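Step one of this worksheet: look at the structure below.
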Amino acid sequence: MKKIGLYDPAFEHDSCGVGTVCRLDGVASREVIEMSLSLLINLTHRGAAGADADSGDGAGIIVAIPHGFFSKVFGKALPPAGTYGLGTFFFPLDPALGRRARETVENVSGSRGFRVAAWREVPTDASKVGRYAAERRPSVWQAVFATRDSVSRGDELERRLYVLRKSVERAALAAGFSQDDFYVPSLSSRTVVYKGMMYAAQLEGFYPELADPLMISNLTVIHQRYSTNTFPSWRLAQPFRTLGHNGEINTIRGNRAWLAAREPHLRSPLFGEDISELFPLIEPDSSDSASLDNSLEFLMMGGRSLEHSLAMLIPQAWGVKYPMSESLRGFFEYHAGLMEPWDGPAAVCVTDGRKVAAALDRNGLRPARHTLTSDGFLIFSSEAGALPVEPENVLETGSLRPGQMLLAEAGSGRLLKNAEIKSVLARKNTYGRWVAKNRMDIPGFFSAAADYKTSVRDLKFRQNLFGHTRDDTEVILAPMASTGREPVGSMGADVPLAVLDRNPGSLFSFFRQQFAQITNPPIDPIREKLVMSIMTFIGYDPNILAETPSQARLVKLKHPFLSNDDLSRLEKDLSHDDFHSANLSGTFPEPAPDAKPGATLEAALDDLAEKASLAVAGGAKIVVISDRDAGKIAPENGENGENAGGNPGAKAPARLPVPSLLAAAAVNRRLLADGTRVSAGIVLETGDAWEVSHMAMLLSLGAS
C-alpha cells in the first residue's frame, strides 16, 4: 500500500478483529446476521494466514439460537424453544471414529439426565477454505439435547448443559480422543457457534446455512483471528463459547496455575456434587483466549452476572490516585483479594445469549469503537467505520477508554455505559465496608527506615556465603543504594551459560527471561502508576464462587518487598487465631565429607516442605522461610560449637543457606499438592537475591 492523502501504511497494526451487533429491542432478524457477516468481512485485514495463503487463522460467529431454522432442519424432534440444548461438535472425518464419538456423547448424556433427541451433520463446503485448512477440517455435527424431566429452563438449563459439556469432554479424553479430534464449540440453550480455520469471507461459504432466510438472531459476536502465541487450528478459532478476544494475556501461566490450585476448594449450591465434573476448569493445551473464556464461563455459570464476571477478570484501574467513588474502589479491592486479574492488552466482546458486553483492558492498548443507530442497533468493533452506516442513521458514536465497559441487553432497548454498569456492581454489596473492616495493612519497605546493622567483617562473610561477587557489589548494589534505581545495562549477555561455566555463581544464573511473542509497548508501575500496581495480597480465600465479608480478611502490601520491621509485624503483630505465621529455617547443616553429593540439601528441602505443610494444616496463613542463621553453628549441637552427642572437642557443622529459589519452589509445590497453596502466603528472608531479575524469579516460582 502507498501513502495516499491522510492514509499512511505505517499506521497499520494488524491484530485480531472482534465485534458485535445487537438489536436493542430484542427482535431477532435476518438483518443482524447480514450486518455481522459484513462486519466480519470488513475486518479480514486483521486476520492472518500461513504458507497456504488461502487458509486463515480463524473466523467465526456466535448467534442466538434461531428456533425457526432448527425446527425446519430437525423437524418434530425439536422440543419447544428454551427447553432444549443445541450442541455443535467437531468430530473426526473417519466415519467409524465419528460414530464412536457420537456414542460417547449419547452415553454421557444419559448419565447426566439428558437424551439426544436428534443428530445432524452440518452441511459444509470444503472447497471454500484453503488446502491446509481443508486437509485438517473436522466433520461438523449438531445435536439436540432434551431434558428427561422437561422442567429445566433458563439459567438452570444452561448450568446443566455446561456440566454436561464438561463431562462429555472428560469422557472423550478418557476414550482416547485428542482435543483436535473431539471438540465442542458450543452447547447451550441460548447460543450456537459457527467457526473454523478460515478467513472471514470464507465463513458463509463453508457453512451455507448462514445464508438461510430463517437464520436470524437479535445479537452476535464475531471474530477474525490473528494468532500470535499458538498455531492456527479449527478448535482455537474464535469466538469461543462466550467471547471474542483481541489481545494477549501476559499473566496467563500464573492465572492458569492459581485457578487450578483453587479447584479442590470450590463449592457452590448451584453445582452441588456436580462441581467435580468441571475440573480441570481450563482445557488442556488451550490458547490464552480460550483459557479466559473457560474462566468467564465458569464465573457466569457459578451465579455471577456477565458484567460482574468480566469486571473480576479484566478489572479497571482502581488505585488511590485513580478518580472513582469509594464504593467502586471497594468493589475492585475486594475482588482483587479474591481473584488475580487476567492482565494484558485486550478488547473483548462477550455474550451469555441475552446480553452482549464489550470491555477494554485497563491500559487501553487495543482499539474499541461503537456506533448506536437511530433504529436501535449497537455496532461494536475493533475499528471505527468497520460497518458503514448512513450518517443520518447515526445516533451516537464513541470509543471505550481504558478499563471501560459497554452492556446491552437484547429486549431492554437500552445501552448501558461504564459509569452505570460499575455503579450497579458497586452497590451489589457493601464491599468497601468489608475491605475496611477486614484488611491488614503492612506499610512496605519505602515507608520504613533501614534498621539492620552489621560489622564489616560479618558483611564480607555473608557476601561470600551467599555468592556475591565484586561486580555484584560495585555494578549492581552500589548504584541501587546510592540512587534508588536499578542500574542500566545491556539486554545482551556475554557471560558463559551457567551450565557450561566452571564458576556458575548463584542458582539464579541458570535462568533466562522468557519473552512474550508479542509487540506490546514496555510498561511498568512507575511510569504507568495511574493504571498499574504491584500491590500484593496474602491469605486468599480459595472459593471464588462465594461472596462473603470474611474473604476480605487479607494482608495487604503495597508491593512484595518487606523491611525488617514489616517482617517483624508479619511474624508477631499478626498473631490472630485465624491469621498467624510460621517461621521456618531455610538452612541446612554442612554435609559430611563422605556424604553423597546433594543428599543433605535434598533432605533439607523435603524437611522444609513437610514443616510448611504441617504449619499450614495447623492454620498458619503465612510461611516465613529465613536463612538469617546461615553460617552459624547448628543450635541443636550445643553452645560454642560443642557436640551434644558426647564429643566435647568436635566442631559442629555450620548452617548453609538453601538456595531461595529451591526453597520457594519446594514449599510452593508441596502446598499445591496439599491443596492449601491459595490460602497461604510464602515469604522469604534471604541473602542470595539482590537483582531485580532475582526477585522476579522468586515471585514466579511461588514467593508471595
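Computed values, structure above
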quantity	calculated
Residue ID - surrounded by the most Cβ atoms within 10 Å (Cβ to Cβ), chosen from residues in the stretch 599-611 that are of a type outside the set (A, V, I, L, M, F, W, C) and within 37 Å of the chain's Cα centre (by Cα)	Lys611
Of the criteria (1) part of a helix (DSSP H, G or I); (2) touching a residue at least 12 places away in the same chain (Cβ under 8 Å), which one Glu273 fails	(2)
Pairs where the first residue, in the stretch 378-398, is touching a residue at least 40 places away in the same chain (Cβ under 8 Å) and the second is part of a loop (DSSP other than H, G, I, E, B) and crowded, with 16+ Cβ neighbours inside 10 Å, C-beta under 6 Å, 6+ apart	Ile379/Leu387; Ser382/Pro367; Ala386/Leu43
Residues that are touching a residue at least 40 places away in the same chain (Cβ under 8 Å) and polar (S, T, N, Q), drawn from the stretch 276-287	Ser286, Ser287
Counted residues, the stretch 348-376 - those being open to solvent by less than 10 Å² (accessible area, probe 1.4 Å) and at pLDDT 95 or above	10
Count of residues meeting criterion [free of Cβ contacts under 8 Å to residues at least 24 places away in the same chain, farther than 21 Å from Gly353 by Cβ and loosely packed, with under 14 Cβ neighbours inside 10 Å] in the stretch 76-126	8
Residue list for the stretch 274-310, filter: more than 16 Å from the chain's Cα centre (by Cα) and closer than 12 Å to Leu259 by Cβ	Leu278
Hey, Gly130 surrounded by fewer than 18 Cβ atoms within 10 Å (Cβ to Cβ) and farther than 23 Å from Phe69 by Cβ or not	no
Residue list for the stretch 324-341, restricted to those being aliphatic (A, V, I, L, M) and either in contact with a Gly (Cβ under 6 Å, 6 or more places away or on another chain) or under 18 Å from Leu259 (Cα atoms) (or both)	Ala336, Leu338, Met339
Which listed residue, of Ala603, Ala582, Ala595, Ala615, is closer than 27 Å to Leu672 by Cα, free of Cβ contacts under 8 Å to residues at least 60 places away in the same chain and not in a helix (DSSP H, G or I)	Ala582
Given (1) open to solvent by 30 Å² or more (accessible area, probe 1.4 Å); (2) modelled with pLDDT of 90 or more; (3) touching a strand residue (DSSP E or B) at 6+ places or on another chain (Cβ under 6 Å), index of the condition Leu584 fails	(1)
Hey, Val140 surrounded by fewer than 18 Cβ atoms within 10 Å (Cβ to Cβ) and of a type outside the set (Phe, Trp, Tyr) or not	no
Any hit, the stretch 202-211, residues being under 16 Å from Arg241 (Cα atoms) and not aromatic (Phe, Trp, Tyr)	no
Looking only at the stretch 152-162, and only at residues there that are open to solvent by less than 10 Å² (accessible area, probe 1.4 Å) and within 15 Å of Phe298 (Cβ to Cβ), the one that is nearest to the chain's Cα centre (by Cα)	Tyr162
Where Pro549 falls short, out of the listed (1) surrounded by fewer than 18 Cβ atoms within 10 Å (Cβ to Cβ); (2) farther than 19 Å from Asp441 by Cα; (3) in contact (Cβ under 8 Å) with a residue 40 or more places away in the chain	(2)
Yes/no for Leu671 being at pLDDT 90 or above and open to solvent by 10 Å² or more (accessible area, probe 1.4 Å)	no
Filtered residue count, the stretch 396-436, keeping only those that are surrounded by fewer than 15 Cβ atoms within 10 Å (Cβ to Cβ) and of a type in the set (A, V, I, L, M, F, W, C)	3
Subset of the stretch 354-377 that is touching a residue at least 24 places away in the same chain (Cβ under 8 Å), small (Gly, Ala, Ser) and in contact with a helix residue (DSSP H, G or I) (Cβ under 8 Å, 6 or more places away or on another chain) - its residue that is farthest from Thr191 (Cα to Cα)	Ala359
Any hit, the stretch 251-260, residues being part of a loop (DSSP other than H, G, I, E, B) and either open to solvent by less than 30 Å² (accessible area, probe 1.4 Å) or in contact with a Phe, Trp or Tyr (Cβ under 6 Å, 6 or more places away or on another chain) (or both)	no
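Yes/no per residue for (1) hydroxyl-bearing (Ser, Thr, Tyr); (2) at pLDDT 95 or above; (3) outside any loop (DSSP other than H, G, I, E, B); (4) on the phi > 0 side of the Ramachandran plot:
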| residue | (1), (2), (3), (4) |
| --- | --- |
| Met215 | no, yes, no, no |
| Ile222 | no, yes, yes, no |
| Ser227 | yes, no, no, no |
| Phe231 | no, no, no, no |
| Pro239 | no, yes, no, no |
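The values are calculated or read from the model by the stated rules, or taken from the named source; none is laboratory data. This structure is a prediction, so every number in the text was calculated from the model and none was measured. Reconstructed Cβ throughout: ideal geometry from the backbone, glycine too, with neighbour counts over all protein chains shown. In case anyone asks, the SASA skips ligands and DNA or RNA and just uses the protein heavy atoms, side chains included. Shrake-Rupley method; radii C 1.70, N 1.55, O 1.52, S 1.80 Å.
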